[in-house]
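Where a number appears in this text, it was derived from the coordinates with a stated rule and is not lab data. Here the structure is a predicted model, which means the values were calculated and not measured.
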Amino acid sequence: MFVGFYIIELVKANVRIAYDILSMHTRVRPGIAEIELDAKSDLEILTLVNLISMTPGSLCIDISEDKKYIYVHEMYFESTDALRKSIKNGLEKRILEISR
């Protein structure tokens, strides 16, 4: 169920940020990744971009003119591959299951 998945993701992101704020040691390592989209329609892309931006610690900063790529800023950046897999196998996959 998509709503349940997204609520869990929101809670995890909020806990991670709250822990970082309250602890003496910050784990912030910002980074930006280019992510190729499987989403094609404007509604699919808009939904994905909004959900990424509503999740604490992440922000979609741009969409390519041809709508094939999004650029995501991540507050706890591990690697481009890790962020790409997280979005592709998480939010985007579930959005496409609902919309198609």
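Excluding same-chain residues fewer than 8 positions from Lys67, which aspartates and glutamates have a Cα within less than 13 Å of its Cα?
Candidates past the 8-residue exclusion: Glu34, Glu36, Asp38, Asp42, Glu44.
To the nearest 10 degrees, how steep is helix 2-22 against the longest Cα principal axis of the chain, on a 0 to 90 scale?
Roughly 30 degrees between the two axes.
Enter the angle in degrees (range 0 to 90, nearest 10) between the Cα long axis of helix 42-54 and the first principal axis of the Cα atoms of the chain, meaning the one along which they spread out most.
Between the helix axis and the principal axis of the chain, the angle is about 0 degrees.
Mean-square fluctuation check for the chain, GNM, Cα pairs under 10 Å: which of Leu46, Leu37, Leu59 is largest?
Leu46
Evaluate segment 44-100: find the radius of gyration of its Cα atoms, find its Kirkwood radius, and give the ratio Rg to Rh.
That ratio equals 0.94.
Provide the gained length on full extension for the span Phe5 to Leu46, in nm with one decimal, where the gain is 0.36 nm per separating residue minus the Cα-Cα distance.
12.9 nm
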